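Reviewing the structure listed below.
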Amino acid sequence: MKKIQMVDLITQYQKIKHDVDAALMNIMESAQFINGPEVKSFQAEMEEYLGVKHVIPCANGTDALQIALMSFGLEPGDEVITPSFTFIATTEVMALLGLKPVFVDIDPDTFCIDPAKIEEVITPKTKVIVPVHLYGQMANMDAIMDIADRHNLRVIEDNAQAIGSDYHCADGKDRKAGTLGDIGCTSFFPSKNLGCYGDGGAIFTNDDELAVQMRMIVNHGQSKRYYHDVVGCNSRLDSLQAAVLRIKLRKLDEYINARRTVADHYDRFFADFDQVKTPVRGSHSRHVFHQYTLTLDGVDRDGLNAYLAEKEVPSMIYYPVPGHKQKMFAHFGSASRELPVTEWLTKRVISLPMHTEMEQEQLDYICESVAEYLKR
Ligand SMILES: *Cc1c(COP(=O)(O)O)cnc(C)c1O
């Protein structure tokens, strides 16, 4: 049996190697490494796939979030409502810009921000809500957009983990993750559902004015060459990454289906075990399983993690310390905020290998290994 990995990018590459190698060689030959035609083509293809007016490629998902926040012209001390149960990048950029992350608890079924707990933390300083579509499942965007409308707030979707997911909107239409809020942000980090071979990210919006603003910000605030209207940064997706992404975008739906098939198998296997809760698939969106995360009840998680490691089955804890407890935010005094669901889940979640190249034999071995531990 092939060695099991959390994400098997090597096998995935081998299957598209012919196309990828040719595309990369072409760029080397043309030496158009920055802002070449591949970047423009990728941008157009991504706009088409998402059904969104503007895709702005940038250097990584963290920059995407930062640039999105910069485009709103916020004041230092303005507040941004966000979950604590997420990767640090979501909230780190807020602090970096002098904004205050205001942490809200999550829904125990979706792992995403609980809309019922948003309004109680809104103050006159609140300007933005940043929901995170965690593990591949979307937050309840109907409820979030409704709150944002009523309180005149902006919404940025952190869509680093749910690219390709569809949201079943109240109006009966399906819309792609990242295109429901004012702005959507994503990451093309290699292990993400649409990953390149280095760093990469993108910002999505249907708002023409925000798009103009963000296109300036990613390029030193430049409106025309050497005329700098606003303070920006240097955040580019390079041509090599764009070329890889063009090839993988064509396969994204196939990749998502492969992940969902793995999830189906795990779901069926673990249905009989009382000590584990399998991921709940909300009816509002299509889960794209960036992670397959179990919630353990009455199981020694560290013990399971160590047992699996011994059997050469990798497993991961996303994330062991929630944002509001991180030292970097100590000055906000958020550690004392009570986020019971976040804290409960932080101690109980464990993610199993999940990727597009899983073989049946590997899947069976992972399931049996977890079961051996649970039955002890
Ligand atoms: C990966 C990730 C990011 C950051 O993306 P990078 O490309 O690594 O900067 C932000 N938010 C979430 C939820 C992520 O998973």
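Among the conditions (1) within 16 Å of the ligand (Cβ to nearest atom); (2) of a type outside the set (S, T, Y); (3) in contact (Cβ under 8 Å) with a residue 40 or more places away in the chain, the only one that C112 does not satisfy is (3).
Which of the following residues is under 27 Å from L9 (Cβ atoms), surrounded by 21 or more Cβ atoms within 10 Å (Cβ to Cβ) and among the basic types (K, R): R259, R301, R268, R281? Just one listed residue meets the conditions, R259. The sole residue among D142, D158, D149 that is touching a residue at least 60 places away in the same chain (Cβ under 8 Å) and open to solvent by 20 Å² or more (accessible area, probe 1.4 Å) is D142. Cβ-Cβ contacts under 6 Å between residues 6 or more apart (or on different chains), taken from a first residue in region 241-262 that is over 29 Å from F33 (Cα atoms) to a second residue that is open to solvent by 10 Å² or more (accessible area, probe 1.4 Å), are listed as A258/T356; V262/M358.
For region 13-32, which residues satisfy the criterion of being within 12 Å of V244 (Cα to Cα) and either without any contact (Cβ under 8 Å) to a residue 60 or more places away in the chain or open to solvent by less than 70 Å² (accessible area, probe 1.4 Å) (or both)? Matches in region 13-32: Y13, I16, K17, H18, V20, D21, A22, A23, L24, M25, I27.
Scanning region 148-190 for residues that are among the hydroxyl-bearing types (S, T, Y) and closer than 17 Å to T86 by Cβ yields S165, T186, S187. Suppose we keep only residues that are within 16 Å of the ligand (Cβ to nearest atom) and β-branched (V, I, T) within region 118-143. Which one would you say is nearest to P76 (Cα to Cα)? Per the criteria, the residue is V128.
Here A242 fits the description: of a type in the set (A, V, I, L, M, F, W, C), open to solvent by less than 10 Å² (accessible area, probe 1.4 Å) and more than 25 Å from L96 (Cα to Cα). Comparison of A242, A263, A258, A309 shows that the only residue that is part of a helix (DSSP H, G or I), modelled with pLDDT of 95 or more, in the same structural domain as I163 (by TED's automatic domain parsing) and of a type in the set (G, A, S) is A242. Inspect all residues belonging to region 205-218 and state whether any of them is closer than 26 Å to I27 by Cα, modelled with pLDDT of 95 or more and out of contact with any Ser or Thr (no Cβ under 8 Å at 6 or more places or on another chain). Yes; the residues of region 205-218 include at least one that is closer than 26 Å to I27 by Cα, modelled with pLDDT of 95 or more and out of contact with any Ser or Thr (no Cβ under 8 Å at 6 or more places or on another chain). Listed by first and then second residue, the pairs with beta-carbon distance under 6 Å, at least 6 apart or on different chains, first residue in region 187-202 and more than 8 Å from the ligand (Cβ to nearest atom), second open to solvent by 20 Å² or more (accessible area, probe 1.4 Å) and of a type in the set (V, I, T), are S191/V7.
Mind checking which residues of region 339-352 are in contact (Cβ under 8 Å) with a residue 60 or more places away in the chain and either open to solvent by 50 Å² or more (accessible area, probe 1.4 Å) or over 25 Å from Q291 (Cβ atoms) (or both)? Passing the criteria: P340, W344.
The values are calculated or read from the model by the stated rules, or taken from the named source; none is laboratory data. No experiment lies behind these values; they were computed from the predicted model shown. Here the Cβ is made from the backbone with ideal geometry for all residues, glycine too, and neighbour counts use every protein chain on show. Ligands, DNA and RNA are excluded from the accessible area calculation, which covers all protein heavy atoms including side chains. Shrake-Rupley method; radii C 1.70, N 1.55, O 1.52, S 1.80 Å.
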